[in-house]
Amino acid sequence: MIFLTRKAEFSSAHYYWVEDWTEEENSRVFGRCANRNGHGHNYTVEVTVAGEVDPISGFVVDLKQLKDILEHEVISVYDHRHLNLEVPEFRTSIPTTENIAIAIWRRLDGKIPNAKLHRVRVYEMPDLFADFYGEQG
């Protein structure tokens, strides 16, 4: 078993807000991130897959295919978008770093031939990231 990680970047805007809370409560919990106009980040996503090395190609996965899947399923959907307003999964959940990692996992799970999705890591900033290792249960 070997683990292979592919990295990609996207730029998106978001804000944190719970509709059932008052403006004061949202501001208290989320601070400046509760600004409904949003703010942006240059995100980095790392997708790690696990599998056996093919004895002929020497690859765990076709690297171009992995890049294309990541581009189609994540980058083309999230890049230069306001996550709260334009990305379906964030109409019902707050686009925190944690929830973005979960959403990316769900977009990629089962779509990478010959490898198992092992981890999705999302960096919101160089010193802030979330790791997701799949649904438990």
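In the set Glu73, Glu124, which member is modelled with pLDDT of 95 or more, within 17 Å of Glu9 (Cα to Cα) and touching a Lys or Arg at 6+ places or on another chain (Cβ under 7 Å)?
Glu73
Tyr16 passes all but one of (1) touching a strand residue (DSSP E or B) at 6+ places or on another chain (Cβ under 7 Å); (2) closer than 24 Å to Phe132 by Cα; which number fails?
The number of the failed condition is (1).
Counting only residues that are assigned to a helix (DSSP H, G or I) and among the aliphatic types (A, V, I, L, M), which one in region 91-136 is surrounded by the most Cβ atoms within 10 Å (Cβ to Cβ)?
This residue is Ile100.
So which residues in region 85-130 are in contact with a Gly (Cβ under 7 Å, 6 or more places away or on another chain) and of a type in the set (S, T, N, Q)?
Matches in region 85-130: Asn114 only.
Show me the helices (runs of 4 or more DSSP H) entirely contained within region 1-90 in which 2 or more residues are over 21 Å from Arg107 (Cα atoms).
23-30
The values are calculated or read from the model by the stated rules, or taken from the named source; none is laboratory data. This structure is a prediction, so every number in the text was calculated from the model and none was measured. Cβ atoms come from the backbone with ideal geometry, glycine included; neighbour counts cover every protein chain shown.
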